[in-house]
Amino acid sequence: MTSNRPQVVIVGAGDAGYQAARTLSRKVGDGAEIVLVNPTGVAQRRELLPQVLTGVLGPDRISVPLAETLPGVRVVLGTVTHIDPHARRVLYDGGVLDYDRLIVAVGGVSEVAPVSAVSAHSVGFHSADQALHLRDHIQRQLALAAAGTDPFERAAHCTFVVLGAGYAGIAAASAGQSLSQSIACRDPRLHEQPIRWILADPAEWLLPDMRHRLSRATARTLRSRGVEVRTRTSVGQVTTRGLRLTDGDFIPTRTIVWSFGVRPDPLVTNLGLPAEQGRIRVDEHLAVPGHPEIYACGDVSAVPDLTRTGKLTPMSSRHAVRQGALAGGNVAASLGYGSRRPYQHRIRDSIAELIPTSERPLSMA
């Protein structure tokens, strides 16, 4: 160690890592040396992707510069290649960092399902680049429909299928439907053309981690906006002309949005730490069993859901933000600043939180 202050290393500056660094810095001040390791010098606000899709915000508006917004945190640009829990060291492509406390928040990596290789029309919705690509893709499809005369082709260009009805899928379908309707209203050639948005998921209801009442209300709100919600349904066969769902319905389409396919960063596979469902197992305080100096949060962590015995909180940006803030606070508590708290999984009883209002920007505070 280069000083008498304890050193806290945070790996990853996604939703969870950024909030962990922000909270920890505010609580401990100069009482600890905080080091944040990330491949780039910016963090993206994934919860604002719907606003990027609709054009309300540019990608630069959801990119937060780390060094300028995290006072008291030393930002190290690099990719972590290995973590040695026994030696308490983090190895990255630029050197080695020792730690007294470690927060692992490397997040998840996006995987488009292998079936997408069958179709040239698959789009993800996990990053600003993918949101921009989807926006351009929607605009192109509607332009092709407006210029076309074949009814089948026009219908296919105006049909958009979102696979995966989690937080990202709901946001993509809601924002995409809003964008496509806005475009169609400005083009007289599309005034009589139906525009379909279909949200499909094999689960029995939307967002199974929430109350059934709120899940049903979310589905009703989506349907009122023109989104077809299909539960207990997944993709069967994908062709160049569309896809067949497992309920037997064939959907002519040129757009398949994959809102699932995120898995924990492969960095966690060789750490020798307890794991569950490919994620680092943690207790309700986000500490790793057997390693009280190590915390994990966000997509990389298997956080117990205290409201559902035996269940884990899902991988989502909303959970990552809250878990990151808690991890920062609990690490501060382990250093003598405040007291630690368990992760209380609560979702506000508000449809607005689940289906963002994409016509206006959200606060960056």
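Of (1) open to solvent by 70 Å² or more (accessible area, probe 1.4 Å); (2) at pLDDT below 95; (3) not in a strand (DSSP E or B), Leu144 satisfies all except one. Which?
Status for Leu144: all satisfied but (2).
Can you find, within region 228-241, the residue that is most open to solvent (accessible area, probe 1.4 Å) among those that are at pLDDT below 90 and assigned to a strand (DSSP E or B)?
Gln237
Could you check region 56-81 and list, in sequence order, the residues that are under 19 Å from the mean Cα position of the chain (by Cα) and of a type in the set (Gly, Ala, Ser)?
Gly58, Ser63
Here is a yes/no grid of residues against (1) at pLDDT 90 or above; (2) hydroxyl-bearing (Ser, Thr, Tyr); (3) open to solvent by less than 60 Å² (accessible area, probe 1.4 Å):
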site	(1), (2), (3)
Ser317	no, yes, yes
Gly336	yes, no, no
Ser339	yes, yes, no
Arg346	no, no, no
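Rundown of residues vs (1) in contact (Cβ under 8 Å) with a residue 40 or more places away in the chain; (2) more than 24 Å from Arg281 (Cβ to Cβ), yes/no style:
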position: Leu53; (1), (2): yes, yes
position: Pro71; (1), (2): yes, yes
position: Gly78; (1), (2): yes, yes
position: Ile83; (1), (2): yes, no
position: Arg89; (1), (2): no, no
position: Asp93; (1), (2): no, yes
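Considering only region 33-42, I want to know if a residue exists there that is assigned to a strand (DSSP E or B) and touching a His at 6+ places or on another chain (Cβ under 9 Å).
no
Scan region 201-208 and give yes if some residue there is at pLDDT below 95 and assigned to a helix (DSSP H, G or I), otherwise no.
Scanning region 201-208 turns up no residue that is at pLDDT below 95 and assigned to a helix (DSSP H, G or I).
What number of residues within region 209-227 are open to solvent by 50 Å² or more (accessible area, probe 1.4 Å) and modelled with pLDDT of 90 or more?
The number of residues fulfilling the criteria is 4.
I'm told Asp136 meets every condition in (1) closer than 24 Å to Val56 by Cα; (2) open to solvent by 10 Å² or more (accessible area, probe 1.4 Å); (3) of a type outside the set (S, T, N, Q); (4) touching a strand residue (DSSP E or B) at 6+ places or on another chain (Cβ under 6 Å) except one. Can you identify the failing condition by its number?
All conditions are met except number (4).
Out of the residues in region 93-137 that are closer than 25 Å to Val35 by Cα and within 20 Å of the chain's Cα centre (by Cα), state the one that is modelled with the lowest pLDDT.
Step by step, filter region 93-137, then rank; the result is Val109.
One line per residue, one yes/no per condition, for (1) closer than 19 Å to Arg154 by Cβ; (2) assigned to a strand (DSSP E or B):
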site	(1), (2)
Arg213	no, no
Ala219	no, no
Ile251	yes, yes
Val257	no, yes
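Going through region 172-200 one residue at a time, which ones are open to solvent by 10 Å² or more (accessible area, probe 1.4 Å), closer than 15 Å to Glu228 by Cα and of a type in the set (Gly, Ala, Ser)?
Ser178
Which pairs have Cβ atoms under 6 Å, sit 6 or more apart or on different chains, and link a residue in region 55-67 that is within 12 Å of Ser127 (Cα to Cα) and open to solvent by 20 Å² or more (accessible area, probe 1.4 Å) to one that is at pLDDT below 90 and among the polar types (S, T, N, Q)?
Partner pairs satisfying both residue conditions: Ser63/Gln44.
Pick from region 10-24 the residues that are open to solvent by 10 Å² or more (accessible area, probe 1.4 Å) and assigned to a helix (DSSP H, G or I): which of them is farthest from Asn38 (Cα to Cα)?
Thr23
Looking only at residues in region 255-309 that are within 30 Å of Thr239 (Cα to Cα) and open to solvent by less than 50 Å² (accessible area, probe 1.4 Å), which one is modelled with the lowest pLDDT? Talk me through it step by step, then tell me what you get.
Initial filter on region 255-309 (within 30 Å of Thr239 (Cα to Cα)): 255-264.
Keeping just the survivors that are open to solvent by less than 50 Å² (accessible area, probe 1.4 Å) gives 255-259, 261-262, 264.
Values: Thr255: 93, Ile256: 92, Val257: 92, Trp258: 85, Ser259: 78, Gly261: 55, Val262: 59, Pro264: 63.
Only one residue fits best here, namely Gly261.
List the number of the failed condition for Glu192; all other conditions in (1) under 28 Å from the mean Cα position of the chain (by Cα); (2) modelled with pLDDT under 95 hold.
Status for Glu192: all satisfied but (1).
The values are calculated or read from the model by the stated rules, or taken from the named source; none is laboratory data. Bear in mind that the values here come from a model prediction, so they are computed numbers and not experimental data. All Cβ positions, even for glycine, are placed from backbone atoms using ideal geometry, and neighbour counts span all protein chains on display. The area values use the complete protein model at the heavy-atom level, side chains included, leaving out ligands, DNA and RNA. Shrake-Rupley method; radii C 1.70, N 1.55, O 1.52, S 1.80 Å.
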